[in-house]
Amino acid sequence: MPAVFIVFFSIASLSHRAAVMLCSGFFMIRILCLHLAENQASYRYRVAQFLPYWKQHGVEMYPVCVVGKSYREKLKLAFESANYDYVWLQRKPLSPLLINIIARRSRLVYDFDDALYATQFGHRGRLKSKHPGSRSMVRRISYLLRRCSLIFAGSDALYRYAERVHPGHVHLVPTALGKPEFFPSYCGDEKIVTIGWIGSNGNIPYLRLIDDAAFTIQKHYSHVRFSIMCGSPPEGLKTAWQFVPWSSDAEAEWLRSIDIGVMPLGDDEWSRGKCAFKLLQYMAYGKPVLASAVGANNATVVHDGNGFLASSFAEWVACFEMLVQDSSRRKAFGEESRKRFESFYERAVVQEMIALLLQRGLC
């Protein structure tokens with residue numbers, strides 16, 4: 001069992017004071033959350049979706065977007081941190097001066113879901129100081145991690161990195177997703193088998209890693225189609241992907257429509273830090289998955305349980321074929337995907353984990 005699933009605590013494991021706070025409902029933990037822009041997926045899924053439910057856990061969270069704020073405005077927020085039990089910094093590292101001010105006045109929580117200490121997959125050219133992997137960014141991340149009371153890492157690779165910098169303060173907290181309001185019945189008799197990929201424009205280059213395998217399947221199986229939901233259509237691929245523009249309104253229907261979800265990744269430090277979020281999207285809708293055997297994918301996919309893990313052209317082709325040819329296997333894998341999602345990644349499950357860590361952090 002991956003370490004990410006062993007971060008649950010019972011009330012009995014807390015101190016008497018923390019248990020009383022958790023059960024009485026009279027004590028509210030006050031948290032100032034300094035976060036990314038609201039249009040960022042990292043904010044939507046690691047902050048925004050939890051906001052309506054925090055009071056159920058004895059938490060009052062006050063979100064403030066720091067993107068676009070002047071240094072003077074950020075400095076004011078740092079000095080106001082004394083009014084809160086925690087300051088939750090979401091992904092974006094602030095300057096060491098601001099971090100020092102906050103850490104002296106409150107308990108600092110850092111929540112991150114990308115390997116900001118590594119160069120982004122496919123990056124070309126000179127790294128600027130604010131780019132992931134630059135010397136300046138690595139120094140900021142290291143200083144920030146050392147000043148934290150709690151660190152929430154979204155994947156095993158991020159956990160291991162942070163644990164080396166500030167051991168004993170790091171917890172694996174997977175990215176969560178709300179349970180779909182409507183779960184459709186499986187349609188195994190459909191003549192068309194749809195293989196889908198959903199993601200941001202910046203992640204389209206990962207599709208090149210499976211282009212030969214996908215093209216091979218497309219040539220040999222006329223009933224298979226490839227569908228992509230993204231901001232713009234992919235270019236320069238041999239595989240013909242049917243493009244569906246992303247929108248929050250259309251996302252759920254698209255996820256219901258596919259039969260298999262894929263997540264190719266490169267085996268580099270940036271990719272190993274990813275949190276397998278698109279796999280969770282597929283799994284929430286009861287879809288079998290096929291993914292590169294890299295990073296968090298290894299913890300999310302049970303090989304030959306809810307999907308397959310692949311590492312080479314031959315493995316991708318073989319796994320594609322097993323799923324395309326066998327509708328009963330797709331159905332069984334899809335059912336296991338949904339169970340696994342509900343057990344470990346559903347919003348309420350992850351939020352309870354975080355709430356208990358926050359309570360324990362006050363002891």
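The values are calculated or read from the model by the stated rules, or taken from the named source; none is laboratory data. If you're wondering where the values come from, they're calculated on a predicted model, not measured in any experiment. Cβ: placed from backbone, ideal geometry, glycine included. Neighbour counts: every protein chain shown. Each accessible area value is taken on the protein alone, full model and side chains, heavy atoms only, with ligands, DNA and RNA left out. Shrake-Rupley method; radii C 1.70, N 1.55, O 1.52, S 1.80 Å.
Only one of these conditions is not met by Ala291: (1) open to solvent by 10 Å² or more (accessible area, probe 1.4 Å); (2) modelled with pLDDT of 95 or more. Which number is it?
Failed condition: (1).
Here are Glu251, Glu235: which of them is among the charged types (D, E, K, R), over 18 Å from Val324 (Cα atoms) and open to solvent by less than 40 Å² (accessible area, probe 1.4 Å)? Quick ask: steps written out before the conclusion?
Values: Glu235 fails: open to solvent by less than 40 Å² (accessible area, probe 1.4 Å).
Within the list Glu251, Glu235, the selection yields Glu251.
Among the residues of the range 151-169, which ones are of a type in the set (A, V, I, L, M) and open to solvent by less than 10 Å² (accessible area, probe 1.4 Å)?
First, the residues of the range 151-169 that are of a type in the set (A, V, I, L, M): 151, 153, 157-158, 162, 165.
Correct list: Ile151, Ala153, Leu158, Ala162.
Please find, among Lys128, Lys74, Lys92, the residue that is over 20 Å from Val173 (Cβ atoms), touching a Leu at 6+ places or on another chain (Cβ under 7 Å) and of a type in the set (D, E, K, R). Reasoning before the result, please.
Values: Lys128 fails: touching a Leu at 6+ places or on another chain (Cβ under 7 Å); Lys92 fails: over 20 Å from Val173 (Cβ atoms).
Exactly one residue qualifies, and that residue is Lys74.
Would you check which residues across the range 313-325 are open to solvent by less than 50 Å² (accessible area, probe 1.4 Å) and either of a type outside the set (A, V, I, L, M, F, W, C) or more than 28 Å from Ala176 (Cβ to Cβ) (or both) and list them?
Let us first name the residues in the range 313-325 that are open to solvent by less than 50 Å² (accessible area, probe 1.4 Å), namely 316-320, 323-324.
Trp316, Val317, Ala318, Phe320, Val324, listed by residue number.
Would you point out which residue out of Glu321, Glu335, Glu251 is closer than 24 Å to Ala48 by Cβ and acidic (Asp, Glu)?
On the way: Glu321 fails: closer than 24 Å to Ala48 by Cβ; Glu335 fails: closer than 24 Å to Ala48 by Cβ.
Being closer than 24 Å to Ala48 by Cβ and acidic (Asp, Glu) holds for just one of Glu321, Glu335, Glu251, which is Glu251.
Applying the selection to the range 67-86, what residues are small (Gly, Ala, Ser) and at pLDDT below 95?
In the first step, residues of the range 67-86 are kept if they are small (Gly, Ala, Ser); the result is 68, 70, 78, 81-82.
Gly68, the sole residue that qualifies.
Looking at Ser10, Ser24 in this structure, which one is of a type in the set (Gly, Ala, Ser) and either modelled with pLDDT of 95 or more or open to solvent by 60 Å² or more (accessible area, probe 1.4 Å) (or both)?
The unique qualifying residue is Ser10.
Mind listing whichever residues of the range 195-212 are surrounded by fewer than 18 Cβ atoms within 10 Å (Cβ to Cβ) and among the polar types (S, T, N, Q)?
Ser200, Asn201
Scan Phe215, Phe183 and give me the residue that is aromatic (Phe, Trp, Tyr), open to solvent by 50 Å² or more (accessible area, probe 1.4 Å) and at pLDDT 95 or above.
Values: Phe183 fails: at pLDDT 95 or above.
Sole residue among the options that is aromatic (Phe, Trp, Tyr), open to solvent by 50 Å² or more (accessible area, probe 1.4 Å) and at pLDDT 95 or above: Phe215.
Report those helices (runs of 4 or more DSSP H) wholly inside the range 32-135 carrying at least 3 residues which are farther than 22 Å from Val349 by Cα and open to solvent by less than 40 Å² (accessible area, probe 1.4 Å). Lay out the reasoning, then the answer.
Numbers: elements: 41-46, 71-79, 96-105.
Answer list for the range 32-135: 96-105.
Taking Leu172 as meeting all but one of (1) within 25 Å of Phe341 (Cα to Cα); (2) at pLDDT 95 or above; (3) surrounded by fewer than 15 Cβ atoms within 10 Å (Cβ to Cβ), write down the number of the exception.
(3)
Count, please, the residues in the range 234-249 that happen to be at pLDDT 95 or above and more than 18 Å from Asp212 (Cβ to Cβ).
Looking only at that region, the number is 4.
Could you please find all residues in the range 82-116 being in contact (Cβ under 8 Å) with a residue 60 or more places away in the chain and more than 20 Å from Met61 (Cβ to Cβ)?
Hits for the range 82-116 are Asp114, Ala115.
Out of Gly361, Gly266, Gly334, I need the residue that is more than 16 Å from the chain's Cα centre (by Cα), touching a residue at least 60 places away in the same chain (Cβ under 8 Å), within 30 Å of Gln56 (Cα to Cα) and open to solvent by less than 50 Å² (accessible area, probe 1.4 Å). Which one?
Values: Gly266 fails: within 30 Å of Gln56 (Cα to Cα); Gly334 fails: within 30 Å of Gln56 (Cα to Cα).
From the options Gly361, Gly266, Gly334, the qualifying one is Gly361.
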